[in-house]
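Undergrad: Here's a structure for you.
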Amino acid sequence: MTTTDNQGRAQRRSLRQRLVIDVTPLRESPDFRRLWTGHAVAILGTQMTRVAVPYQVYVLTGSTLMVGLASLAQLIPLMVCSLLGGSVADAVDRRRLLVATESMLAVVVGGLALLALLDRPPIWAIFVLVAVSAGLSALESPARSAAVAGLVRREVLPSAFALNQTLTQVGAIVGPAVAGVIIAGLGLSSTYALNVVTFLVSIAVLSRMRPMPPAHAVTKPGIRSVVEGLTYLRSKPAVLGCFLADLNAMFFGMPRALFPAIALGQLGGDAVTVGLLHAAPGAGALIGALTSGWVVAVTRQGRAVIVSIVVWGLAIAGFGLSHWLPLTLALLMVAGAADVVSAVFRQTVLQLSVPDHLRGRLSSVHIGVVTGGPLLGDARAGATASLTSPAFAMVSGGLACAVIMAFLGWRLTALRRWTLADAEIDRRENGS
């Protein structure tokens, strides 16, 4: 084989590595592989339950208000338990916490399966169970997120988060589709029961991980522990900048609340069009995650956060202007891809800027931002559209997001200049 042939093969291999998602964390770390695999199984079942609950409530009541209240019932326990969950995740063995919370989630979903066997299950019981489920999930998520940095090399941490983002997007696409088929063919009780099975499989996989006890003496879980985490956040402007960046993107650029109005009015479509608009950002995010091999080569992660959110805002503004469905879907896919890139780098900055004994608490704040931001964004978009028009609400919101992010990028020097070298400085200062 000639030298030219070898060079050509090397160039093609290098191109694949830059485009295709990097699986190095899965290959190098057996414990990360177990954490990822367990989550892959559990998230599929969880997405099925997220479809089954509103469907069951609507069938029982015929009321969209009751469906909305079922979602609202989850918000308060999710926000409260998220903050407390971070303090717990820093104070106990994270593997044991994951196993314990998933075991309790299996019991709760089992309760939903039993209720679904009744002809007229009490609505209040369903509400209670979904609220408990949301609280348990909020306890689990900070532990899962905080565990990743201790399982893989710092250099491939962006790749690890890209792999996690892939799971989230695949679950969001496949889970609802599978749920629809199973609900129609086997019924609600069987759908919930399958979620129980996915939790049991995940528990079996997680149990094979090595213990992950606290590396340092930490404050006992509670309000004092939460305050300690929030106080530390004030000392890390790059991390705080990531939270502000995400809030800006979700508050000004979240388009979900206007999908029906834009689909039926501006695009002249129908219910299928609404579904396509909902699916497009997730499809773009999945493509972005699967082609994220290049993220490991990025050294200025903070600047990448700023750029990706500016792209998100401009894509959303373009979405508001478009009257052609293919262009609209393409812009939403670009927005979804930009969002997943932002998420990968925000997680990298967060996890590498924070010592291990505080990662759970700071991860919980991040989860609260990610959860609450879209709800605020939906409210802003709906209120603005009611006073003006859906198109104006999206165009103005997207442009505001891009402009504010550019301003924040200019003002938040710590975020704009953040690199892996800053993470190494933090590691030495924290003695971790």
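The values are calculated or read from the model by the stated rules, or taken from the named source; none is laboratory data. Owing to the predicted nature of the structure, the values given are computational and were not obtained by experimental measurement. All Cβ positions, even for glycine, are placed from backbone atoms using ideal geometry, and neighbour counts span all protein chains on display. Keep in mind that these areas ignore ligands, DNA and RNA; they rest on the heavy atoms of the full protein, side chains included. Shrake-Rupley method; radii C 1.70, N 1.55, O 1.52, S 1.80 Å.
Undergrad: Please work out the Kirkwood hydrodynamic radius for region 237-369, using every pair of different C-alpha atoms, and report it in angstroms with one decimal place.
TA: Across region 237-369, the inverse of the average 1/r is 15.6 Å.
Undergrad: Taking only the alpha-carbon positions of region 17-92 and ignoring solvent, what does the Debye formula give for the base-10 log of I(q)/I(0) at q = 0.16 Å⁻¹?
TA: Evaluating at q = 0.16 Å⁻¹ gives log10 I(q)/I(0) of -0.88.
Undergrad: So what's the convex hull volume per residue for the Cα atoms of region 68-124, in Å³?
TA: About 79 Å³ per residue, rounded to a whole number.
Undergrad: Out of L157, S82, L60, whose Cα points farthest toward the positive end of the dipole of region 28-161 (charges: +1 Lys, Arg; -1 Asp, Glu; placed on Cβ)?
TA: Checking the options against the dipole of region 28-161, the answer is L157.
Undergrad: Compute the distance in nm between two label points, each set 7 Å from the Cα along the Cα-to-Cβ direction, one at I76 and one at R256.
TA: Result for the modelled spin labels: 2.1 nm.
Undergrad: Taking K and R as +1 and D and E as -1, what net charge do the other residues with C-beta under 14 Å from the C-beta of W410 add up to?
TA: Spelling it out: positives minus negatives among the neighbours equals +4.
Undergrad: Still on this structure, please answer the following. Report the full-extension gain for the segment T231 to E28: residue separation times 0.36 nm, less the Cα-Cα distance, to one decimal in nm.
TA: Extra length from T231 to E28 when fully extended: 69.6 nm.
Undergrad: What full-extension length gain, to one decimal in nm, is calculated for V181 and V197 as 0.36 nm per residue of separation minus the Cα-Cα distance?
TA: This chain segment gains 4.0 nm when fully extended.
Undergrad: Would region 287-345 count as rounded, prolate or oblate if I go by the C-alpha gyration tensor, calling it rounded below 1.5 in a/c and otherwise prolate when a/b exceeds b/c, oblate otherwise?
TA: Oblate, because a/c is 1.5 or more while a/b does not exceed b/c.
Undergrad: What's the Kirkwood radius of region 168-284 in Å, using all Cα pairs?
TA: Evaluated over region 168-284, this radius sits at 19.4 Å.
Undergrad: Cα centroid distance between region 248-317 and region 154-227, in Å?
TA: Answer, in whole Å: 23.
Undergrad: Compute a Gaussian network model of the chain, connecting alpha carbons closer than 10 Å, and tell me which residue from I76, I287, I404 fluctuates the most.
TA: The residue with the greatest mean-square fluctuation here is I76.
Undergrad: At 7 Å along Cα-to-Cβ for each site, give me the label-to-label distance between H323 and S386 in nm.
TA: 2.8 nm
Undergrad: Which residue, chosen from G409, Y192, G382, occupies the Cα position most advanced towards the positive end of the dipole of the chain, where the dipole is computed from +1 (Lys, Arg) and -1 (Asp, Glu) charges on Cβ about the Cα centre?
TA: Comparing the listed Cα positions along the dipole, G409 ranks first.
Undergrad: What do you get for Rg/Rh of region 38-174 when both radii come from the Cα atoms and Rh is the Kirkwood radius?
TA: In region 38-174, Rg relative to Rh is 1.01.
Undergrad: Let me ask something additional. Heavy atoms only, probe 1.4 Å: what % of the accessible area of the chain goes to carbon and sulfur, would you let me know?
TA: Summing carbon and sulfur atoms, their accessible area is 68 percent of the total for the chain.
Undergrad: If the label point is 7 Å along Cα→Cβ of D93, which residues in region 356-375 have backbone nitrogen under 12 Å from it?
TA: Those under the cut-off are none; the list is empty.
Undergrad: What stretch of the chain, leaving out the sites themselves, is the longest with no trypsin sites (Lys or Arg not before Pro) in a DSSP loop having at most 16 other Cβ atoms within 10 Å?
TA: 1-152
Undergrad: Could you do me a favour and compute the accessible area per residue for the chain, 1.4 Å probe, result in Å²?
TA: 44 Å²
Undergrad: Which one, T328, T101, T413, has the greatest fluctuation when you compute a Gaussian network model over the chain with C-alpha springs under 10 angstrom?
TA: Residue with maximal mean-square fluctuation among T328, T101, T413: T413.
Undergrad: Also, I was wondering about something else. Roughly how many debye, to the nearest 20, is the charge dipole of the chain about its Cα centre, given +1 on each Lys and Arg Cβ, -1 on each Asp and Glu Cβ, and no other charges?
TA: 940 debye
Undergrad: On to the next question. For region 65-132, what is the charge dipole size about the Cα centre, in debye to the nearest 20, if Lys and Arg each add +1 at the Cβ and Asp and Glu each add -1 at the Cβ?
TA: Roughly 40 debye, rounded to the nearest 20.
Undergrad: Just to confirm my numbers, what's the Cα centroid distance between region 76-97 and region 330-363 in Å?
TA: Here the answer is 19 Å between Cα centres.
Undergrad: Given the DSSP H assignment, sum -39500 (n - 2.57) over each helix run of at least 4 residues in the chain and divide by its residue total; what's the result at 222 nm in deg cm²/dmol, nearest 500?
TA: Mean residue ellipticity, 222 nm, calculated: -27500 deg cm²/dmol.
Undergrad: Which whole-number percent is the relative contact order of region 140-295 (Cα, under 8 Å, 6+ apart)?
TA: Relative contact order comes out at 37 percent.
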